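The structure appears right after this line, and notes come after that.
The values are calculated or read from the model by the stated rules, or taken from the named source; none is laboratory data. Since the structure is predicted, the reported quantities are computational estimates derived from the model, not experimental observations. Note that we place each Cβ from the backbone using ideal geometry, even for glycine, and neighbour counts take in every protein chain shown.
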Amino acid sequence: MKTIEEVVAELRKVGHPAIDYSLIELGILTDIDLENNKVDVVFAFPFPNIPIADQLINSVAIPVKNMGLEFNYSIRGMNDEEKTMFMTLESQGWKDK
């Protein structure tokens, strides 16, 4: 049986493909819950219809499933404070500078 701490530790390793920060650090991956071997997460995206949404979701789903757990997610938009933090980290960590 996995613990929430083990799940979060594994998900802290999931990085953004274009920004040198993890999805947790960027505030994209939020509200991680574990109950009955099912992981529920919330993706907070800075803008609607981001083109790599499926890629980001799959980058989290794979390690969760590799831990033998079910994966469920929901999506919401970032609030202004979250978006400001994301944009700051994006400018600092953009890989193709």
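For region 36-52, the criterion of being outside any loop (DSSP other than H, G, I, E, B), free of Cβ contacts under 8 Å to residues at least 24 places away in the same chain and not aromatic (Phe, Trp, Tyr) is met by no residue.
Does region 43-54 contain any residue that is touching a strand residue (DSSP E or B) at 6+ places or on another chain (Cβ under 6 Å) and modelled with pLDDT of 95 or more? For region 43-54, residues touching a strand residue (DSSP E or B) at 6+ places or on another chain (Cβ under 6 Å) and modelled with pLDDT of 95 or more: present. Scanning region 2-16 for residues that are in contact with a Ser or Thr (Cβ under 8 Å, 6 or more places away or on another chain) and either of a type outside the set (A, V, I, L, M) or free of Cβ contacts under 8 Å to residues at least 24 places away in the same chain (or both) returns Arg12, Lys13, Gly15, His16. In region 1-22, of all residues being in contact with a Gly (Cβ under 7 Å, 6 or more places away or on another chain) and either in a loop (DSSP other than H, G, I, E, B) or of a type in the set (Val, Ile, Thr) (or both), the one that is farthest from Asp80 (Cα to Cα) corresponds to Asp20.
Entry remark, region 64-97: residues being in a helix (DSSP H, G or I) and either β-branched (Val, Ile, Thr) or surrounded by 11 or more Cβ atoms within 10 Å (Cβ to Cβ) (or both) number 13 in total.
Of the listed requirements (1) surrounded by fewer than 12 Cβ atoms within 10 Å (Cβ to Cβ); (2) under 13 Å from the mean Cα position of the chain (by Cα); (3) small (Gly, Ala, Ser), Ala18 misses just one: (2).
Sub-8 Å Cβ pairs linking a first residue in region 68-97 that is farther than 30 Å from Met1 by Cβ and touching a residue at least 24 places away in the same chain (Cβ under 8 Å) to a second residue that is assigned to a helix (DSSP H, G or I) and among the acidic types (Asp, Glu), at least 6 apart or interchain, number zero.
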